Amino acid sequence: MNAPRETTRPAVADQERHRLAARWKGLGWPDEARWLPQDRLLWDALAAGIISWLDAQTVHDLLEMGEVDPPEAAAALAPLLVALLAARRAGSLCVELAPAPLGLWLPPGPEGGPAGCLAAFDHWLARGAFDRLVAADGRGGFLPLVRRDGRLYFQRYGAAEDRLRADLQRRLAPEIEAGHLGGRLAKSTLSDVVQDVMEAPPVLPSGEPLVLAGEQRVGVALALVRNFTVITGGPGTGKTSIVFALLRCLLRLGLPPARIALAAPTGRAAHRLGESLRGQLHALPAPAGDDGLVADLVPATLHRLLAYSPWSGGFQHGSESQLETDVVIVDETSMVDVELMAQLLEATPTGAKVILIGDAYQLPSVEAGAVLADLVEAPRATSWVPAWRERVVGLLGRHFPQDLPRATAAGGEPSLIENRVVTLGQCHRSVPGIIELAGFVHRFPPRPDGKWDAGAVAGASPLTQATRDGERAADATEGAPSRPTLDESPEGPAGQSLLALFAWAHASQGLPPIESVIESPLVAVPSLPFGATTPGVAFPAARLGALSAGGAREPEGTGADHEPEQAEADHARTEAGADDQPAGAGREPARARAEAGRGRACWFLEIGGVGEKDIEPVLRDWVDRFIRPLRPGGGDFPAVTRDCCGETPSPGAMADAFAFLDRAKILTVFRDGWCGASGINAAVGEALRQRMAVKGGSGGWFPGAAVMVTRNEYRLELFNGDTGLILPDQDGSLHGVFPRRDGPLWVPLGELPGPEPAWAVTVHKSQGSEFAEVVLVVPPAPGEAAKTLLTREIIYTGLTRAKQWVAVVSDRSTFLHACSRRANRVSGLWKR
């Protein structure tokens, strides 16, 4: 739940007040002496950053268009409009008409508070004052606003929710499921095919089989027998491997590739899905005849699949012109908003199979709604009734995982989404500490008084004390200078284990020790900075010095200094869930690597502000770390870049250049400011230009610069978010060069669609990507409106982009507030 706002009227600095007054007057709105109650409300909401000027103008326009009269009626409707607009900006479909949720979106001041606002609204609604604006409880026809079931919607989003709900109710009905593709397949044939696929997994060149974990096998089986399935899990839980096994089954059952649609919300996500599937296909030692048809499946964006027209703003495919398909599989579903999901399901034949894949904890869609989270969190979504459990048992045979929960007793109202959601919890790729701490962020409790200062802590937890003692012992033993900890030096910045920060925060609320919340294996390894294990390497305050070059040692097997071929093999193995194998099938080395990284992968670097001087030391150290060689004896980034600037760059040099980009990335919450993507890119780009001593360049670009395209260009097969390097061709002309399976793609600089520097990207832009090392910058919000971005979802998404280690750069109050604030997008999808 979002934290309540302050209970006093927001104070506006004189300079800001003058700016607000000038713009207010420029719009022709009344002077303060002539303000009506709704004018005062709009002023306070603007001053607090709750709404934008466009929102304020919308309130004016709606009151005028609806001919709301008398003035008391307008004063009663205005708070509801302000709250609805503010909730919509935060991604909600509606606002709940109850005092507590309404108060989240209002400035203090309206007479009677939220309860008084609701009483006045109901009074004037009953008297017909809003008949031109509000359709209430099914009465009033097509109007801008809709009130129903205790919620207020804009008509557009209420209609989208209705469309989605109606399609789900129709699609999930038992009689429809019985006639869908899965219901028409012979059970004996289906079981044989599934078990054949399970027994012939992809194999690495080392001979290690990529066996699916038990929960992955259940995901495949459920998707085959049900007509609507949701598979959710964090990075590295093997979602793509489920898709690959599912496609092999469908193709072996005789389903033509043309009847299968693969899609994702963005071009980049669609491209990555296709690359991953082709990679697993190439790893099959003896593909059956139909397995090769996976290569014929080309994922598309949802807009392309539905034939969106930018000229008309509509889609060719919908309820009147449906797709010719039997199976629709959507990846990265968390990024799909309610209107696009409604359009997709309407365009999909009712008898077709729909499989939605994604991470419900990730950032939700840019547009309104959180469809994946709504589906996963629906009542009884993950429960099992005996009939469906037995169906999965029969399908998997000896491959059925015995640890699947027993069937739950039926109780309460039956749920349409029951037995349709598979939640993957076993990570096969990232260092376990990262995923476990990210999961803790998702469960992180808010502090009632909102204070996270050092004075609030009554005592350190045993884990915090043990961590501090271990670090001191390491300092004394190895010769590294002592450094401040969170408890000992609250005024100054400090490098600290992120686990210790959470332990401190947990203790500050009087909650049980963090050891009782996070599994014990995570805390079994002392949480020591890398530098503390190497003589002479310090961990300076607010710097990455302990993580940089200069001799710092990383956990064995988790560093970036092993060969690219081994890294690729590790990725391929863990993506398919090979760590969930019987002993002797390659599991122990992977487990050893994982245990080496527990507790040593997540760091917190506290900075005191958001200015250039605050972030500059971190960026300087990041540049030092970025350019270091990929492997002992190899060239650093400047040397590799020079090797790529020759007349005929070798494939090895190009592969190494791209590997630098995959190894490290800076993620930011905001786009602007010194601690935003634009400011960091400018600073890092200039520092690297100087370090590399490169010649040539144009418009801020230089050989070796990282570049990201921000628009789709299907002609060039470039997609929003694709990242590459700027390099000269044989004539010296700069090109954007992007990695592709069949060789680098060279595109002239002037033809790149919306190029931007890519040393740092926003967390939103990073969705679907992964990097070995991540620095996550979380500065205080530059204004009240920007605070909506500081949520646990953005922290979770940023942390889980990292595979080996992540360092959070923030101040403790801002970071912990973000962890405790959920992106609570309100909808009524399951509430009717």
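Some values worked out for this structure:
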{"item": "The stretch 300-338 - residue that is closer than 23 Å to residue 234 by Cβ and assigned to a loop (DSSP other than H, G, I, E, B) and, of those, modelled with the highest pLDDT", "result": "331"}
{"item": "Condition met for residue 120 (of a type in the set (A, V, I, L, M, F, W, C), touching a strand residue (DSSP E or B) at 6+ places or on another chain (Cβ under 9 Å) and either at pLDDT below 90 or over 25 Å from residue 827 (Cβ atoms) (or both))", "result": "no"}
{"item": "Single residue of the stretch 21-35 satisfying the filter (hydrophobic (A, V, I, L, M, F, W, C) and in contact (Cβ under 8 Å) with a residue 24 or more places away in the chain) that is surrounded by the fewest Cβ atoms within 10 Å (Cβ to Cβ)", "result": "27"}
{"item": "Single match in 831, 803 (criterion: touching a residue at least 24 places away in the same chain (Cβ under 8 Å) and crowded, with 22+ Cβ neighbours inside 10 Å)", "result": "803"}
{"item": "Among (1) in contact with a Leu (Cβ under 9 Å, 6 or more places away or on another chain); (2) assigned to a helix (DSSP H, G or I); (3) modelled with pLDDT of 75 or more; (4) of a type outside the set (Ser, Thr, Tyr), the one test that residue 396 misses", "result": "(1)"}
{"item": "Residue within the stretch 36-47 that is in contact with a helix residue (DSSP H, G or I) (Cβ under 8 Å, 6 or more places away or on another chain), at positive phi and buried (at least 18 other Cβ atoms within 10 Å of the Cβ) present", "result": "no"}
{"item": "Count - residues of the stretch 242-272 that are of a type outside the set (A, V, I, L, M) and within 21 Å of residue 797 (Cα to Cα)", "result": "6"}
{"item": "Residue, surrounded by the fewest Cβ atoms within 10 Å (Cβ to Cβ), within the stretch 278-291, restricted to residues that are in contact (Cβ under 8 Å) with a residue 24 or more places away in the chain and assigned to a loop (DSSP other than H, G, I, E, B)", "result": "286"}
{"item": "2 or more residues at pLDDT 85 or above, within 25 Å of the chain's Cα centre (by Cα) and surrounded by 18 or more Cβ atoms within 10 Å (Cβ to Cβ): qualifying strands (runs of 3 or more DSSP E) within the stretch 640-749", "result": "664-668, 706-709, 723-728"}
{"item": "Subset of the stretch 768-796 (residues that are crowded, with 23+ Cβ neighbours inside 10 Å and polar (S, T, N, Q))", "result": "791"}
{"item": "Condition met for residue 763 (over 27 Å from residue 650 (Cα atoms) and of a type in the set (Val, Ile, Thr))", "result": "yes"}
{"item": "Failed item in (1) free of Cβ contacts under 8 Å to residues at least 60 places away in the same chain; (2) part of a strand (DSSP E or B); (3) assigned by the TED database to the domain that holds residue 685, with residue 772 passing the rest", "result": "(1)"}
{"item": "Of all residues in the stretch 630-639 being touching a residue at least 40 places away in the same chain (Cβ under 8 Å) and farther than 30 Å from residue 810 by Cβ, the one that is surrounded by the fewest Cβ atoms within 10 Å (Cβ to Cβ)", "result": "632"}
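Let's see how each residue does on (1) under 20 Å from residue 335 (Cβ atoms); (2) not hydrophobic (A, V, I, L, M, F, W, C):
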| site | (1), (2) |
| --- | --- |
| 790 | yes, no |
| 795 | yes, no |
| 804 | no, yes |
| 809 | no, no |
| 815 | no, no |
| 820 | no, yes |
| 823 | yes, no |
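Table: residues versus (1) among the small types (Gly, Ala, Ser); (2) crowded, with 16+ Cβ neighbours inside 10 Å; (3) farther than 26 Å from residue 713 by Cβ.
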{"site": "264", "(1), (2), (3)": "yes, yes, no"}
{"site": "269", "(1), (2), (3)": "yes, yes, no"}
{"site": "293", "(1), (2), (3)": "no, yes, yes"}
{"site": "296", "(1), (2), (3)": "no, no, no"}
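The values are calculated or read from the model by the stated rules, or taken from the named source; none is laboratory data. Keep in mind that this is a model prediction, so the values were computed, not measured. Note: ideal-geometry Cβ built from the backbone for every residue, glycine included; neighbour counts use all protein chains shown.
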